[in-house]
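I have placed the structure first, in the form of structure tokens, so that the comments after it can refer back to it.
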Amino acid sequence: MTIEKKTFLPEVLASRSGKELSYVSAIGQSIQSIKHLISCPRKMYTELYRRTLYTVAEFCQAMPYSEEQFIAKYGFLIRQLNLAIATLKLRRGFLFPKNAGAESIAAEEAQWTYAIFTGSLVKNLYQLQENREVYQYQLQGDLIGLWSPLMGPLYNNQSFYYSMRFTDNTPTMTREVLMAALSEHIFPTQALHWLSSNKELFKLWWDVVLHQPSEDNAIEAVIQLAGHKIGIPF
């Protein structure tokens, strides 16, 4: 079975692991920048930050973000990384939770940093289903069928290949439903348990992940300001 319409990524590409994608120069440099912006033990970085970064990379692969923004190869992933970097830089100038004492701010610093980082990293990740069709192939080039983000990352141990094209298809599910489902793939279980131990923070973060933040959501405010500063519209 062949695809008649021209794809945006004309060649069929191999799905790559997050580690392999980090060897792409621009991606690797961005990941290193993120690492330098985070003050945490090595084990925490590896198990929470790097794992989250690699999983998002395995969803985005070499896909562009849209036909108007970040249209080059790896544009989607580079957009997410750029926003995360800008947000982490801004985060250094804020004390959270707001109006809290020094003891509470120090105790919650690591949780807030991870929440702000991940909220920015998945901002508009729902575009994986809203403006494109992604096709999976076997090693021999035979078409397997359409890929859905609900199936998990494009990379897996079966070494699938893929191509994509932009479309105007109406999404089959809301952003909220998609992002709730993707959270199980993207965020490590220990990270979800860790954040959920801080109920107030978790509520703010989860609203951002589901793209349902209120006007006074402190996490969303930092992300919006970061996007504005680097010219990324939402």
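The values are calculated or read from the model by the stated rules, or taken from the named source; none is laboratory data. All values derive from a computational prediction rather than experimental measurement. Reconstructed Cβ throughout: ideal geometry from the backbone, glycine too, with neighbour counts over all protein chains shown. For the accessible areas, the whole protein counts, side chains as well, though only heavy atoms, and no ligand, DNA or RNA atoms are used. Shrake-Rupley method; radii C 1.70, N 1.55, O 1.52, S 1.80 Å.
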Please count how many residues of the range 136-160 are among the aromatic types (F, W, Y) and under 28 Å from A84 (Cα atoms).
2
Which one is farthest from P171 (Cα to Cα) among residues in the range 122-143 that are touching a helix residue (DSSP H, G or I) at 6+ places or on another chain (Cβ under 6 Å) and part of a helix (DSSP H, G or I)?
L128
Tell me which of these E133 doesn't satisfy, since it passes every other one: (1) touching a strand residue (DSSP E or B) at 6+ places or on another chain (Cβ under 7 Å); (2) open to solvent by less than 20 Å² (accessible area, probe 1.4 Å); (3) over 17 Å from E58 (Cβ atoms); (4) not polar (S, T, N, Q).
(2)
Hey, among the residues in the range 203-213 that are within 22 Å of I105 (Cβ to Cβ) and without any contact (Cβ under 8 Å) to a residue 40 or more places away in the chain, which one's least open to solvent (accessible area, probe 1.4 Å)?
D207
Scanning the range 184-196 for residues that are free of Cβ contacts under 8 Å to residues at least 24 places away in the same chain and closer than 15 Å to A115 by Cβ gives L192, H193, S196
When you scan the range 219-231, how many residues do you find that are open to solvent by 10 Å² or more (accessible area, probe 1.4 Å) and either touching a Pro at 6+ places or on another chain (Cβ under 8 Å) or farther than 22 Å from A180 by Cβ (or both)?
7
So, of the residues in the range 199-234 that are over 16 Å from F117 (Cα atoms) and small (G, A, S), which turns out to be modelled with the highest pLDDT?
G231
Residues of the range 75-96 that turn out to be modelled with pLDDT under 95 and either of a type outside the set (A, V, I, L, M, F, W, C) or assigned to a helix (DSSP H, G or I) (or both), as a count:
2
Scan I34, I27, I78 and give me the residue that is more than 30 Å from Q138 (Cα to Cα), crowded, with 17+ Cβ neighbours inside 10 Å and not polar (S, T, N, Q).
I34
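Residue by residue, here is whether (1) open to solvent by 10 Å² or more (accessible area, probe 1.4 Å); (2) touching a residue at least 40 places away in the same chain (Cβ under 8 Å); (3) part of a helix (DSSP H, G or I) holds:
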| site | (1), (2), (3) |
| --- | --- |
| I105 | yes, no, yes |
| Q111 | yes, yes, yes |
| S120 | no, yes, yes |
| G145 | yes, no, no |
| M164 | no, yes, no |
| T172 | yes, yes, no |
| V177 | yes, no, yes |
| L182 | no, yes, yes |
Of R50, R42, the only residue that is crowded, with 17+ Cβ neighbours inside 10 Å and of a type in the set (D, E, K, R) is R50
State whether one or more residues within the range 32-45 are within 16 Å of the chain's Cα centre (by Cα) and closer than 30 Å to I144 by Cα.
no
Which one of the conditions (1) open to solvent by 50 Å² or more (accessible area, probe 1.4 Å); (2) more than 30 Å from S163 (Cβ to Cβ); (3) aromatic (F, W, Y) does F70 fail to meet, given that it meets all the rest?
(2)
Right, R91: buried (at least 20 other Cβ atoms within 10 Å of the Cβ) and under 19 Å from V208 (Cα atoms) or not?
yes
Would you be able to tell me the number of residues in the range 147-162 that are more than 14 Å from the chain's Cα centre (by Cα) and open to solvent by less than 10 Å² (accessible area, probe 1.4 Å)?
1
